[in-house]
Amino acid sequence: MTAIPTKLEGCFIIEPKVFNDERGYFMESYNEERFEQETGQKVHFVQDNQSYSSKGVLRGLHYQTGEHAQAKLVRVFEGEVLDVAVDVRPGSSTYGEHVAVLLTAENKRQLFVPRGFAHGFIVLSDTASFFYKCDNFYNKESEGGILFNDPELNIDWKLPQESLIISEKDKVLPVLKNARAIW
């Protein structure tokens with residue numbers, strides 16, 4: 001595996017080593033020791049989550065606050081998504097900036113989203129199966145979120161806004177300047 005740094009400190013694109021032959025392929029999707037060597041991040045994942053969504057479904061932008069903050073390692077099993085991480089760490093030189101990475105079943109890329117980041121994704125294919133590891137357990141009381149179309153963030157979600165499928169909860173999230181403090 002190779003960790004490719006993004007413009008946001010601590011946020012990495014992970015490219016696995018894939019071994020293809022006439023039978024198909026094999027890859028190691030995660031190795032804690034190798035991950036730490038490549039990223040310099042010591043992370044112990046404790047929860048795995050999976051979602052299945054249709055084209056145009058936008059989930060996010062979500063984060064957990066305080067002692068329940070979460071780092072995530074995300075990937076796609078089937079389909080194609082645009083995955084977005086937004087730096088919401090107070091005092092960070094890249095506060096309010098984001099990275100957007102195309103994750104597909106074909107490219108097998110992953111994105112490591114450290115604690116202190118909001119996270120979301122949109123499904124660009126007909127359907128997508130999305131999988132992510134978390135280093136902390138979900139806690140409802142520690143939920144935070146940012147409105148997906150906050151003009152200050154200026155995220156290009158790649159699909160027309162009128163075609164997006166967004167939960168009622170995500171439609172009323174605050175903009176970044178009014179969002180719940182991460183710490």
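Read-outs throughout are calculated quantities, based only on the coordinates presented, and are distinct from any laboratory measurement. Keep in mind that this is a model prediction, so the values were computed, not measured. Reconstructed Cβ throughout: ideal geometry from the backbone, glycine too, with neighbour counts over all protein chains shown.
Once both labels are modelled 7 Å past Cα along the beta-carbon direction, what's the E106-Y52 spacing in nm?
2.3 nm
Could you work out [θ]222 nm for the chain from helices alone, using -39500 (n - 2.57) per DSSP H run of at least four and dividing by all its residues? Round to the nearest 500 deg cm²/dmol.
Dividing the helical sum by the residues of the chain leaves -1500 deg cm²/dmol.
With springs only between Cα atoms under 10 Å apart, run a GNM on the chain and tell me which of F45, F26, F148 wobbles the most.
F26
Compute the relative contact order of the chain as a whole-number percentage, counting only Cα pairs closer than 8 Å that sit 6 or more residues apart in sequence.
On the way: 421 pairs, mean separation 52.1, N = 183.
So the answer I get is 28 percent.
Among N31, N107, N139, whose mean-square fluctuation peaks in a Gaussian network model of the chain (Cα, cutoff 10 Å)?
Largest GNM mean-square fluctuation: N31.
Amide H to amide H, which residues 5 or more places from R89 or on other chains are under 5 Å from it, using H placed in the peptide plane?
Sorted by chain and number, the residues that satisfy this are G96.
Report, by chain and number, residues whose modeled amide H sits under 5 Å from the one on I165, excluding near sequence neighbours (fewer than 5 apart, same chain).
Excluding prolines and chain starts, which carry no amide H, the hits are V57, L58.
Within straight cross-link reach of K140, meaning Cα distance under 24 Å, which lysines are found once same-chain residues fewer than 8 apart are removed?
In chain and number order, the partners are K72, K169, K171, K177.
Starting from 0.36 nm per residue, how many nanometres of slack lie between N31 and S129 once their C-alpha separation is accounted for? All intermediate terms of the calculation are to be shown ahead of the outcome.
Details: separation 98, 0.36 × 98 = 35.28 nm, distance 2.14 nm.
So the extension gain works out to 33.1 nm.
Just the Kirkwood number for the range 48-183, please: inverse of mean 1/r across all distinct Cα pairs, in Å, one decimal. Show your work: numbers first, answer last.
Numbers: mean 1/r = 0.0674 Å⁻¹.
After inverting the pairwise mean of 1/r, the radius is 14.8 Å.
Select from E80, E28, E97 the residue whose mean-square fluctuation is largest in a Gaussian network model of the chain (Cα-Cα springs shorter than 10 Å).
Comparing E80, E28, E97 in the GNM, the peak value goes to E28.
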